[in-house]
1. Which value, in Å², gives the accessible area per residue of the chain when a 1.4 Å probe is used on the protein heavy atoms?
2. What does the charge dipole of the chain about its Cα centre add up to, to the nearest 20 debye, if the Cβ of each Lys and Arg holds +1 and the Cβ of each Asp and Glu holds -1?
3. In whole Hz and in residue order, list the ³J(HN,Hα) couplings for the stretch 17-23 that follow from phi through the Karplus curve 6.51 cos²θ - 1.76 cosθ + 1.60, θ = phi - 60°; x for Gly and Pro.
4. Using the Karplus curve 6.51 cos²θ - 1.76 cosθ + 1.60 with θ = phi - 60°, work out ³J(HN,Hα) for each residue of the stretch 52-65 in order, rounded to whole Hz, and write x for Gly and Pro.
5. Give me the accessible area of Thr49, 1.4 Å probe, in Å² rounded to the nearest 10.
6. List every residue whose amide H lies under 5 Å from the amide H of Asp81, counting only residues 5 or more places away in sequence or on a different chain, with H placed 1.01 Å from N in the peptide plane.
7. If one computes the Cα centroid of the stretch 13-61 and of the stretch 66-99, what distance in Å separates the two points?
8. At a probe size of 1.4 Å, how large is the accessible area of Met13, to the nearest 10 Å²?
Amino acid sequence: MRYLESDKFFLYMAELNTESKQKALVYWVLTRKITNYDLEPADLNEDGTVGAAEFVIYKLKEIGKISQEDVTLVMEFEELDIDQSGTLFVSDITVAQPS
């Protein structure tokens, strides 16, 4: 299919408009004040607190960089953290994923 110059122009304008809206959303999300209502959805492990990692994930979800499905897929951390220390050690990985 061959695009006319006018078609290319409108496609370019639509792309610019979309990019501009995405940048505006990112700016709004990253500069707005956090409220009490933000804490519940940011609390991924539902322990009543929001750590730095949870906060970053919440912000990334808000700006559309990751989805809940993405988060669910990479949340294997808890399964790997056998001793539930909040840190991964070689011993955790060895026990969680025996070869």
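1. It amounts to 83 Å² per residue over the chain.
2. The calculation lands at about 880 debye.
3. Result, ordered by residue: 4, 5, 4, 5, 5, 5, 5 Hz.
4. Working through the residues one at a time gives 4, 5, 4, 5, 4, 4, 4, 5, 4, 5, 4, 8, x, 7 Hz.
5. 80 Å²
6. Close amide H contacts, sequence-distant or interchain: none at all.
7. Here the two parts' Cα centres lie 24 Å apart.
8. It works out to around 90 Å².
The values are calculated or read from the model by the stated rules, or taken from the named source; none is laboratory data. What you see is a predicted model; the values in this text were computed from it and never measured. A quick note on method: Cβ atoms are made from the backbone with ideal geometry, for glycine too, and the neighbour counts reach across all protein chains shown. Only protein heavy atoms, including side chains, enter the accessible area calculation; ligands, DNA and RNA are left aside. Shrake-Rupley method; radii C 1.70, N 1.55, O 1.52, S 1.80 Å.
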